[in-house]
Amino acid sequence: MNKYTQSTVLFSLLVAVNLASAQSWGPRGLDELKEETLRRALHGEGPIGVVRMEDAERAVAALHDLERDTWASAWSSIGEEYLERARAATTEDEARENFYYAWRYFDVGRWPTEKHSDGKRESYEQGLVAFNEWGRLLDPPVETVTIPFEDSEIVLYLRLPDGVRPAPLVFGMNGLDSRKEGVMAGSDAYIEAGAAASAIDMPGTGQAPILIDVGAERMLSAALDYLAGRPEIDGSRMVVQGRSWSGYWAAVLAYTERDRILGAAVHGVGIHHYYQPEWQEHAVLSLEYLFDLFPARSVVYGVETMEDFFAYGPRLSLVERGLIDQPSAPMLLVNGEQDTQQPISDLYLMMKNGDPKTAWVNPVGGHMGRSEHWPGGRIRDEVVQPWLLRQLGIEP
């Protein structure tokens, strides 16, 4: 029995033990999950993020087991309360605030993926409704765009700044377990700086029409085609922002779209070693992830077994695809030296190949560079967003 077969047997045993009564891939028991959920709620950390602490405490109190539908119900029931308040609101401000919190709780309820549970799927759909109501009440509002694509469609969000035409564009993508709604919710800094913001679900997630595969960036290129053709957008001033898993797609677009984008923020760098079984057999048990990391990673490929998962990933490598030595648009590479989800070796590999790149590495940071003194919001606000704006010719 080779080491990969041994790993597969181990993972299969873990699944068999946990499927009946737990989030199938842990890594936490019920009490540990409750404690960690409240800690993340207190500090505004993902996947809980911006919630009210009293609501988080209510949700955690409703977790009587580790079933996926139990998690969905605990959070979505609170989302439903806020949705009712929003619809009964007597002022626009009151409605907007309550639609926002409704979306946040539905979004936590569907985490990390809406594809493995009826309850999570329903929470996701309700979250889309709440988000669209909230986005409609923003100033400027969020526009939902549908683009025909192959035998399906691409759904993306677009928000245009007031008084800037044509506006430069930040093309944003979600990570493995976030969604385009969260990307758009973080667009204020761009809008205030006079840049348009778009948000799209990366392949394999949310409303994306295709799974992750070699060449799936064609979906993203089709979205860029559409956006560059909008008269309100300056197609000669576009940048790309990836985060976590979509850092891969940001890097891919830096090569394949180098002639029309001014830069790509690769925030979370998984481009070669990340896809190797040697990394994945340990990374799927990362304690940085709240629960269900393997199910979240496997569903974007459309596979279920560890054998298929191990076999699927390596061909996505930028080394295997022959991209890593090619000319590229400018890239900003951001991650933490202690990341247990994406290997820091991938960032250094990118630095040593192809055109010169800019890098920001937190020596004590975990996934996406986060640490106590450099939480995710600070890295976004002080590192990633200013770099992207400067690539557009805007001084933050």
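Our coupling estimate for the stretch 153-162, obtained by passing each phi through the Karplus curve with A = 6.51, B = -1.76, C = 1.60 and θ = phi - 60°, is 8, 9, 10, 9, 10, 9, 9, 10, x, 6 Hz, Gly and Pro reported as x. Compared with the direct C-alpha span, the chain from LEU287 to ASP188 gains 32.5 nm at full extension, assuming 0.36 nm per residue. In order along the stretch 70-86, the phi-based Karplus estimate (6.51 cos²θ - 1.76 cosθ + 1.60, θ = phi - 60°) of 3J(HN,Hα) comes to 5, 4, 4, 5, 4, 8, 5, 5, 6, x, 5, 4, 5, 5, 5, 4, 4 Hz; Gly and Pro are listed as x.
Stretching the chain fully between GLU278 and GLU143 yields a gain of 44.3 nm (0.36 nm per residue, less the alpha carbon separation). Highest mean first, the peptides 185-194, 321-330 sorted by other C-beta atoms within 10 Å per residue fall in the order 185-194, 321-330. Over the chain, Cα pairs under 8 Å with separation of 6+ residues give a relative contact order of 12 percent.
Normalised by residue number, the volume inside the convex hull of the Cα atoms of the stretch 20-89 is 87 Å³ per residue. Testing the spin-label approximation: label points 7 Å from Cα along Cα→Cβ at MET53 and ASN132. State their distance in nm. Result for the modelled spin labels: 3.6 nm. In straight Cα distance, which lysines are under 28 Å from LYS34, not counting same-chain residues fewer than 8 positions off? LYS34 reaches LYS115, LYS120, LYS180. Taking label positions 7 Å along the Cα-Cβ direction at both ALA359 and ARG85, the computed distance is 4.6 nm, reported to one decimal.
Shown is the FRET efficiency for ASP225 and THR305, computed with R0 = 35 Å from the Cβ-Cβ distance and rounded to the nearest 0.05: 0.45. When the Cα positions of PRO277, PRO327, VAL303 are compared along the charge dipole of the stretch 248-356, PRO327 comes out farthest toward the positive end, with charges on each C-beta of Lys, Arg, Asp and Glu. Put a dot 7 Å past the Cα of SER152, heading toward its Cβ, do the same for GLU337, and the two dots end up 4.1 nm apart. Taking amide hydrogens as placed 1.01 Å from N in the peptide plane, the amide H of MET331 sits under 5 Å from those of ALA264, THR358, each at least 5 positions away in sequence or on another chain. Taking amide hydrogens as placed 1.01 Å from N in the peptide plane, the amide H of GLY365 sits under 5 Å from those of GLU337, GLN338, each at least 5 positions away in sequence or on another chain. Only helical runs count toward this figure. For the chain, summing -39,500 (n - 2.57) over DSSP H runs of n ≥ 4 and dividing by all residues gives -13000 deg cm²/dmol at 222 nm.
Which whole number in µm²/s is D for the chain by Stokes-Einstein, with the Kirkwood Rh taken over Cα pairs at 4 °C and 1.567 mPa s? Translational diffusion coefficient: 61 µm²/s. Across the stretch 196-352, Cα pairs under 8 Å and at least six residues apart give a relative contact order of 26 percent. Each Lys or Arg adds one and each Asp or Glu subtracts one; over the other residues with Cβ under 12 Å from the Cβ of ASP188, this totals -1. The ARG315 and ASP259 beta-carbon pair, evaluated with R₀ = 22 Å, returns a calculated FRET efficiency of approximately 0.30. Subtracting the Cα-Cα distance of GLU94 and GLU382 from 0.36 nm times their residue separation leaves 100.6 nm of extension gain. Residue-wise HN-Hα couplings along the stretch 325-335, as the Karplus relation 6.51 cos²θ - 1.76 cosθ + 1.60 with θ = phi - 60° gives them from phi, are 9, 7, x, 8, 5, x, 10, 10, 9, 10, 6 Hz; Gly and Pro carry x.
Summing Lys and Arg as +1 and Asp and Glu as -1 over all other residues whose Cβ lies under 11 Å from the Cβ of ARG58 gives a net charge of -3.
Read-outs throughout are calculated quantities, based only on the coordinates presented, and are distinct from any laboratory measurement. None of these values were measured; they are calculated from a predicted model. All Cβ positions, even for glycine, are placed from backbone atoms using ideal geometry, and neighbour counts span all protein chains on display.
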